[in-house]
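Structure first, commentary second.
The values are calculated or read from the model by the stated rules, or taken from the named source; none is laboratory data. Given the structure is predicted, the values throughout are model-derived calculations rather than measurements. Because the Cβ atoms are built from the backbone with ideal geometry, glycine has one as well, and the counts that use them run over all protein chains shown. Heavy atoms of the whole protein, side chains included, go into the accessibility calculation; ligands, DNA and RNA do not. Shrake-Rupley method; radii C 1.70, N 1.55, O 1.52, S 1.80 Å.
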Amino acid sequence: MTDLRYRDVEAGDSAMVAKLFERSFVETFAHLYERDDLDAFLRGVTAEAFAEEIADPDFALRVAEQGRAPVGFAKLGPPSLPVDTPERTLELRQIYVLEPWQRQGVARQL
């Protein structure tokens, strides 16, 4: 899987990231959920929610693309775990890679 490009997510990318998240989450985890529960969860994952994080300087999102098609993304943000953390700590909040590109080093590059 060559010709992959990695870049920071931009303000206009929120709908793309939301769709990529939904597709990769369903590919990976749908078998663990009742359909109604999965649908309810995915309703909360919106382009608007990603737009807020993209605009927030405390978050950083990167996307991997093959041509113009997104194949994975990673999101870093402030720690959300209920433990004390050192100053300047980041948490890997999400990392998703579509199945055909898994085990190709995409997550490592993100």
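Details
- Once segment 48-82 is narrowed to residues that are under 10 Å from the mean Cα position of the chain (by Cα) and not hydrophobic (A, V, I, L, M, F, W, C), the residue that is surrounded by the fewest Cβ atoms within 10 Å (Cβ to Cβ) is ARG62.
- Test result for ALA40, closer than 25 Å to GLN109 by Cβ and open to solvent by less than 80 Å² (accessible area, probe 1.4 Å): no
- Verdict on VAL17 being open to solvent by less than 40 Å² (accessible area, probe 1.4 Å) and assigned to a loop (DSSP other than H, G, I, E, B): no
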